[in-house]
Amino acid sequence: MTDILVVGGGGHAKVLISVLRSMPIYRVRGYIALEDAGPLLGVPFLGNDSILEELSQKRPQPAAALGVGQLDRGEKREAIRTKLDRLGFPMPAIVSPSAILRDDVEVGDGTFVGDGVVVNPSSRVGKCCILNTRAVVEHDCSIGDLVHIAPGATLGGGVAVGDRSLIGLGANVLNQVSIVGRTIVGAGATVVRDIVEPGVYVGCPARKLR
């Protein structure tokens, strides 16, 4: 059994803790956050980011799971990932037992795959992504690092999503569409053509808001 720390103390950290508890290979030792919110689903608060260096020296070294959500372009998650990398924490991919990953799927380190997610054959998912509850990633998709596919969003076959993008709740991306990095697709939007300029896109068909 591997000891693991959850870095983050909000809603996404709760989801992550719940999934980790359903995986017998992990033992959640505690969470790290800016403030002590008391036990999080029974998991103790260990301290703020300043304790990470001390914890990194423990032997055997615990793993770390990125429990900060992403409702923007991932700047906060990127900063935390950089610090965890520098301190040498292993960051395994966390895949819910109820997720379905089909043949020839690759999932990068630090990525979270939530309950009911489906990733179909020959898709590639980068590092430190969030594939949230019941998201669907069809065959032959390519997802960059620090991408959040929100609950209920669907990527058609052959979709490419660049680094640090957010595909919002219930959004749809049609087959073979490419989305440049640092793009936010709003909740319920439908992307029908390539997005080549970063920005916020909403509506059906999705158009640039800003």
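Looking only at residues in the stretch 9-21 that are touching a residue at least 24 places away in the same chain (Cβ under 8 Å) and out of contact with any strand residue (DSSP E or B) (no Cβ under 7 Å at 6 or more places or on another chain), which one is farthest from Thr133 (Cα to Cα)? Across the stretch 9-21, the extreme among qualifying residues is Gly10. Scanning the stretch 158-192 for residues that are part of a loop (DSSP other than H, G, I, E, B), over 11 Å from Ile143 (Cα atoms) and either touching a residue at least 60 places away in the same chain (Cβ under 8 Å) or of a type in the set (Ser, Thr, Tyr) (or both) returns Arg182, Thr183.
Answer yes or no as to whether Glu138 is in contact with a Lys or Arg (Cβ under 9 Å, 6 or more places away or on another chain) and modelled with pLDDT of 95 or more. Here the answer is no, as Glu138 does not meet what is asked. Taking the options Leu55, Leu46, name whichever one is more than 22 Å from Leu131 (Cα to Cα), free of Cβ contacts under 8 Å to residues at least 60 places away in the same chain and in a helix (DSSP H, G or I). Residue meeting the stated conditions: Leu55. Restricting attention to the stretch 37-52, the residues that are over 25 Å from Ile25 (Cβ atoms) and in contact with a Lys or Arg (Cβ under 9 Å, 6 or more places away or on another chain) add up to 1. Each residue in the stretch 193-210 was checked for being part of a loop (DSSP other than H, G, I, E, B) and among the aliphatic types (A, V, I, L, M), and 3 pass. Considering Ser50, Ser56, Ser122, the condition of being more than 19 Å from Gly181 (Cβ to Cβ), in the same structural domain as Thr183 (by TED's automatic domain parsing) and of a type in the set (S, T, N, Q) is satisfied by Ser122 alone. Being at pLDDT 95 or above, buried (at least 17 other Cβ atoms within 10 Å of the Cβ) and in the same structural domain as Pro151 (by TED's automatic domain parsing) is not true of Leu20.
Does Glu106 count as over 13 Å from the mean Cα position of the chain (by Cα), surrounded by fewer than 19 Cβ atoms within 10 Å (Cβ to Cβ) and assigned by TED's automatic domain parsing to the domain that holds Cys129? When the stated conditions are applied, Glu106 passes them. Filtering the stretch 141-157 to residues that are of a type in the set (Val, Ile, Thr) and either assigned to a loop (DSSP other than H, G, I, E, B) or modelled with pLDDT under 95 (or both) leaves only Val147.
The values are calculated or read from the model by the stated rules, or taken from the named source; none is laboratory data. Bear in mind that the values here come from a model prediction, so they are computed numbers and not experimental data. Reconstructed Cβ throughout: ideal geometry from the backbone, glycine too, with neighbour counts over all protein chains shown.
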